[in-house]
1. Quick one: give the max-minus-min coordinate of the C-alpha atoms of segment 36-75 along each principal axis, largest first, in Å.
2. Just to be sure I understand the model, the point goes 7 Å from the Cα along the line to the Cβ. What's the resulting residue 132 to residue 55 distance in nm?
3. What is the spin-label model distance, in nm, from residue 149 to residue 16 if the labels are put 7 Å beyond Cα along the C-beta direction?
4. With label points built 7 Å along Cα→Cβ from the Cα atoms of residue 45 and residue 8, find their separation and express it in nm.
5. Normalising by the residue count of segment 95-163, find the relative contact order in percent from Cα pairs under 8 Å and 6+ residues apart.
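Read-outs: derived from the displayed coordinates by stated rules, not from any lab. Just so it is clear, the model here is predicted, and its values are computed rather than measured. Using ideal geometry, Cβ is built from the backbone for each residue, glycine included, and neighbour counts are taken over all protein chains shown.
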């Protein structure tokens with residue numbers, strides 16, 4: 001039995017928000033996120049993996065995006081370059097100011113909290129699926145969610161001078 005040909009265009013259209021959003025959250029800037037996005041789908045096209053279902057494909061895309069982002073963040077080239085002054089600000093603009101503020105606050109979190117919050121709130125993944133993708137326990141995911149929310153609350157309080 002031969003499987004149906006993969007509709008690559010549909011896969012990209014369906015998962016582009018997931019891959020790009022996660023890459024942007026992980027790398028912190030548009031240029032690196034663009035590179036990660038291209039790398040992930042290039043790997044996907046080249047490997048031509050047969051997935052059990054769309055959830056399996058989604059988990060693979062998340063894991064590959066995290067790995068490609070890590071590679072970009074820890075590359076020798078990146079360590080030996082000095083960032084341009086503009087790259088310290090927001091390099092990606094959302095449609096509303098509130099989304100921009102949330103994104104900036106999220107960028108200030110340590111990576112382990114940022115990834116869990118992004119996957120939970122932006123990608124709507126349940127805690128057990130996040131645990132499987134990140135290779136940690138469900139209890140650890142829930143603790144990171146709580147601590148990350150607390151940190152976000154403090155960052156936003158400071159930003160808007162809430163008491």
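1. Result for segment 36-75: principal-axis Cα extents of 33, 18, 11 Å.
2. 0.6 nm
3. In this crude label model, residue 149 to residue 16 measures out at 3.3 nm.
4. Each label point lies 7 Å from its Cα, and together they span 0.4 nm.
5. Details: 40 pairs, mean separation 22.2, N = 69.
It comes to 32 percent, rounded to a whole number.
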